[in-house]
1. If you put +1 on each Lys and Arg Cβ and -1 on each Asp and Glu Cβ, how big is the dipole of the stretch A:5-298 around its Cα centre, in Debye rounded to 20?
2. How charged is the neighbourhood of residue A:560? Take every other residue with its Cβ under 13 Å from the Cβ of residue A:560, and add Lys/Arg as +1 and Asp/Glu as -1.
3. To the nearest whole number, what is the average tally of beta carbon atoms from other chains within 10 Å of the beta carbons of peptide A:613-622?
4. Please determine, in degrees from 0 to 90 and to the nearest 10, the orientation of helix A:422-438 with respect to the longest principal axis defined by the Cα atoms of chain A, where the helix direction is its Cα long axis.
5. Between the alpha-carbon centers of the stretch B:300-314 and the stretch B:88-146, tell me the distance in whole angstrom.
6. Suppose every K and R has +1 on its Cβ and every D and E has -1 on its Cβ; what is the size of the dipole of the stretch A:186-286 about the Cα centre, in Debye to the nearest 20?
7. Please identify every one of the chymotrypsin sites (Phe, Trp or Tyr not before Pro) in the stretch B:263-348 that sits in a loop by DSSP and has no more than 11 other beta carbons within 10 Å of its own beta carbon.
8. Just counting partner chain Cβ atoms within 10 Å, what average do the residues of peptide B:403-416 show around their Cβ?
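Throughout, read-outs are computed from the coordinates displayed, never taken from laboratory work. In this text the structure is predicted, and so the values were computed from the model without any measurement. With ideal geometry, Cβ positions are generated from the backbone for all residues, glycine too; neighbour counts draw on all protein chains shown.
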Protein chains: 2
Amino acid sequence: MAGDLAFQIHLPELKKQTPDFLETIYSVGNGHLGVRDSNPLQGNSDLYLGSPGLFVNGFYDYYPLSYGEKYSNYPENDQVINRLFDPRYLRIQIGDSDSATSFFDSKILDKNLDMQTGKLTETFEVTTPLQERFHLILESFASLADKRLYGIQYTILPLNFTGPITITKSHPAVNQLSRTSVNDVRVKESEGLLHGWPLKDTVIPAMVITTSRSQQALTAAWKLDQVNEDVQVNQLSAEVPGYQLKVAPQKNTPIQFSFMYGLSAISTNLAAADQDLLTTVAESEFQPELEHSTKKWQFFWQHSDVEIDGDPDVQNSLRFNLFQLNQSAGRDGLTNIPAKGLTGNGYGGQYFWDTEIFMLPFFIYTQPQTARKLLQFRVQTMDLAVQQARDLGFAAGATFAWRTINGREASSYWPAGLAQFHINADIAYAVDHYVTVTGDQQFLRDGGFELILQTARFWLEYGNYTEIEGVNRFGINTVTGPDEYSALVNNNYYTNVMAQHNLASAVEYAQQLQNSDPDLLTKLAVTPAEIQSMTDAAKLMILPYDKCSEVKLQFQGFEQLSRLPLTEIDKGRFPLLLHSHPLTLYHYQVNKQADTIMADILYPAGNSLAQQIRDYEFYEPITTHDSSLSRTMFAILAARIGEETAAYDFFTQSVQTDLRDLQGNTANGVHAGNLGGSWMDVVYGFAGLVNNADQFTLNPNLPKQWQRLSFKLQIADSEYQFEIQPQQVTVRLLSGPGMQLVIWDTPVILSSTDTTKTVIQPEV
Amino acid sequence: MAGDLAFQIHLPELKKQTPDFLETIYSVGNGHLGVRDSNPLQGNSDLYLGSPGLFVNGFYDYYPLSYGEKYSNYPENDQVINRLFDPRYLRIQIGDSDSATSFFDSKILDKNLDMQTGKLTETFEVTTPLQERFHLILESFASLADKRLYGIQYTILPLNFTGPITITKSHPAVNQLSRTSVNDVRVKESEGLLHGWPLKDTVIPAMVITTSRSQQALTAAWKLDQVNEDVQVNQLSAEVPGYQLKVAPQKNTPIQFSFMYGLSAISTNLAAADQDLLTTVAESEFQPELEHSTKKWQFFWQHSDVEIDGDPDVQNSLRFNLFQLNQSAGRDGLTNIPAKGLTGNGYGGQYFWDTEIFMLPFFIYTQPQTARKLLQFRVQTMDLAVQQARDLGFAAGATFAWRTINGREASSYWPAGLAQFHINADIAYAVDHYVTVTGDQQFLRDGGFELILQTARFWLEYGNYTEIEGVNRFGINTVTGPDEYSALVNNNYYTNVMAQHNLASAVEYAQQLQNSDPDLLTKLAVTPAEIQSMTDAAKLMILPYDKCSEVKLQFQGFEQLSRLPLTEIDKGRFPLLLHSHPLTLYHYQVNKQADTIMADILYPAGNSLAQQIRDYEFYEPITTHDSSLSRTMFAILAARIGEETAAYDFFTQSVQTDLRDLQGNTANGVHAGNLGGSWMDVVYGFAGLVNNADQFTLNPNLPKQWQRLSFKLQIADSEYQFEIQPQQVTVRLLSGPGMQLVIWDTPVILSSTDTTKTVIQPEV
């Protein structure tokens, strides 16, 4: 299996990479925990240039937010994911050399991440200050079978010495870690206010870690698993839990030992340890657990893999993206996907609209059970979203936090935070999309409909009627769209389209529930008058349009702004947000990322090809792609409108964003939105998938570099495999009853008796 | 003189007032220094509920600004005026009672501020914890003759005891003062980082006070002046400069002593003491200095008094306002008028547009030499304004700091700070206004023209051409207008009108200088092409207008916003800015203060009466007057359009804002902009003065409560007295050659041979 190179991340020229970049790329995780790929001997040293650590999804602390001028209802606190101890770390003493007090030079010989098993294998050549040399081999994985577990195995091979080695494995100070300091507004760092108190009289070393302000706790435990017979093992004291191993290997004779770590679910009980975790960890073993986990990875790839013939680099990168996505997604209904996954602390480990718009499509179509859990996270923060609307002075509806871990708003710069109300429609869109694709009507009753209803209600409150050219229209003023190089505008095109559909889907589902579950409507106090208001507002929504140039306007008045001459700006000044005052950026026609054209992508129906071309040609030259969410959207539209070269350029940059560090900040964590976006590029862009609610259509535009593209989708209760070759699509029904699809305008009906169809592209 | 009650501030029911309100109202100052009217025995006690202190105009320190998210070119530091020691403070020991360690109960018997002399007289009845009782009488003044000087005289009258009293007058800790803590975003407090180091071997006690971060210094010295013969006087040690007085008065026998204080000009030399100050203070004496100062106050009133017959309260309040204005104005060309004068630390002692738009008219017309000095302050910060424009990415022009002491931007919340670019046009307007009224052409050559030119250049950079309804127009996008309940809008009406005139006056003065001083144009690189660009931009400026309701639009799109139902909002939620999120306020048609209608007021020409009425009727109901700058403007427009009752209501509230604490925060300092605005209400509103550049017109609308209104104005080299009675105006030429004025459309020509004219109001 390790022989399948397309499933290996095996970067060349590791010496040229910075430690913190490698830590991100080779991090392993499972949606509950993520471990950065630190240097195991240097990670606690001030001389180390990386940022080691373990992150547990949703385990955060509060940090007071500072304001020069603090106005009413500003959030008091930021929420920042905790950087925990480094489970990779071990202390080695050889004679007078001690890795804890002197710097062991570690040359990386090899790193390989096997995405089929989730196992990371690394080899270091280590030289102590006294010139003892040895190979250190690490194998590690985060279990996808039991998400509390992380396993790591060490092999030490002495190269030029014989004699006693002492190995200590302990984590007394939970976050006294070396880390690179970053001067970047997008990075949030927790500041060491964790408390770790050791558990006494446990079979294995364990501690409870608590936060001082958010009042969260979790149990961490670790167990020495397998070890050579000639190793002497001591447990450290109860005050400093851990192990000490003493061994005197011969030169060129390896010693091997492994540890299993457990990180419990997050608790609000600061006093009680998770005894079940201790039992589980004590009973777990490295090799069997790796095998359980591997089976889960096999299941993942069986349904989610995308095969591309013709561009091995892209094939490998895309798999890396899907692998990292799966490593990042919270699956407990209480957590989501941080903007940097569980690979770093960029954006404080907080959740954004990135999940719903960029990542959920992949999960909805290939891992719908995970998609449901991710949406549940929003549902369970519903009360806070209702409160947020009240706090802002609006009498009805709900507005979700723009950035959050616990459901409360954590943005201190509200013009590019709170004011991005589109997140409400984005979340509602994702619920609707999930239900439409999966057919999971129960989710509507499990909070999904209420979410769509309450966000729609917010639009009725926040929007208002106004007369435009003599016609009564519904507008939404004072919002910030996805593009953060403008703020507090009136009638942002994307926001209004999304709100329009938010309102329309509330109406549609209410009408369905009128028959299927009228009690739910009664419980939620839905009235015919309200439904009529939503119908009207959706119908009369303002969608700004420049009649002169015949393009959609990003917002009212956008056509009046002058253009920032992007080609004249020094390359060193990008991303602009780090070098220009926001006011200067807001003053011009300049985009950080896709905004208006996303409406074309999410709701192509009703947009002529000519319109999409004009929109693309207008917005592409004014977009800096300073956000990693940008190119992925431009790739889709370019593919759909036949801009083949541009589409492939955008896609290759998007798909390799992290592996090639194209944004320059992968060191702070992967760009999780972009990971999902690269899947959308393939399926929405090159395969041309459109969910028109009533039917699914495919209009493939296969890049000329590719001979074949194959992927699977789950729609309703059926799973399909699509195999796309130049001018030809073969679709197979793998399970389920099947339904009608449309490929190149040809209706294709599959069923259990007729499971395969091939469609040839019609001549243009 | 003290008998003229209309010149006395003699508040009744002092017991009902809070200490910090009285401290503001009875503060004395002279534009260089201001002393709050603290309790002289309690001011250093934690039990005292006031905020004592001495402020020196322009003497500030930096405080790091905090941002949850800090973007490029955000100011690093705030600037906050230093709260210095309290020169009113003295320590009294009677037997075992010590005012420094126990609380002496001080009952205020009387406070009287004589505005004709600038002298404050107060009587306290003091009871020690051991029941010794005495009267303490204070007389104090800030010298208007030598602005470094402050004098204070104490009289102690023992009521029920005989025996030794020890009095200590020392200020070792420069700002260890009691002060009330205020939770209000508008108040900035310095935080005790001053250093005071005593001077040795000086004839009088003295110290140099330095700031840690802004690297400013000043010298403070004080001298015991007059004292009873039977008082034993010791100078304290060189380490703790000051005096100790020992005296053993008989019951009912007063002892009297006075001190002269000196506060030098601000220096950047942290080491050197101001020896000249020491000499001056050592030679100064209370009574003669008070007489010098009184003469200056007489000169002030001679030119600046406004007499109103018919409403004694209003007469008294208006004089208070003019008195406080004169106490607040920096006159050294390096300082300006803080938003709270020198009476408190509200807004950090910073300077705003308030000076140019609300306060300068009074000075321009009645104290033009002070007006010039105030404008010089802006001229000397020109280089910083040029740098600010470059830092924001604009290739030409200058943009002044929205709030500042030293010329650098100090606003941390830039949407309601930096983005208020109208300040540039406001300052240019004031220069133009000053030159037009005074005829001081030299000021144009002393930096005035360069200021108008550089601000006009900024508009050319910041604005741009756009097509509106098929016509090429010049617009100014992404600005915040004066009304801070909206932000980052396009084509704010007020801003655009002001920018239009800024551009037009640059053109006009350039054309004048073409003949009178072409070298200046060459030096400033003014080209005919640039002049043409300015002409065009002014001519094609967008001035948003709602054709449907025929009112000026505060900004493009304002008509689309829904109205906040002000009458339905609980009174406790005003001012809205303290209780609502800015985003909520920005979302509605709701005004904090006058915005659009100010354009009608400053540039009435071209606005029909009907237009002004419509504008007033549209904006008045949506204005909260949460800013103290608001009512004063509404009063002017109401007076001009004949809304007599409303005009008088707005005016009486404006004129009594501080004396009656109508904004509820006079404790933090007077509302200096409003002080000047109340003069504008009388002269611009009720007298109906309009400066049309080519001629000055008067259209009086005397309130029915008034029998007579009399004031003086200096226009060009002439001074006029206007005496307005119902249906009649008498104008006298007091000095100078005279010129043509227009009163009720009647041309009035005065000259040295024909000095008085009376005009009767024509029948309507």
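1. Working: 24 positive and 34 negative charges, 49 e Å.
The calculation lands at about 240 debye.
2. Working: positive: A:563, B:473; negative: A:546, A:559, B:467, B:469.
That works out to -2.
3. Numbers: counts 0, 0, 0, 0, 0, 0, 0, 0, 0, 0.
Going residue by residue through A:613-622 and averaging, the value is 0.
4. Orientation of helix A:422-438: about 90 degrees from the principal axis.
5. 31
6. On the way: 7 positive and 11 negative charges, 82 e Å.
Once rounded to the nearest 20, the dipole reads 400 debye.
7. Numbers: sites: B:286, B:297, B:299, B:300, B:301, B:320, B:323, B:347; in loops: none.
Loop-located and lightly packed - none at all.
8. On the way: counts 0, 0, 0, 0, 0, 0, 0, 1, 2, 5, 5, 6, 7, 2.
Counting Cβ atoms of other protein chains within 10 Å of each residue's Cβ and averaging gives 2.
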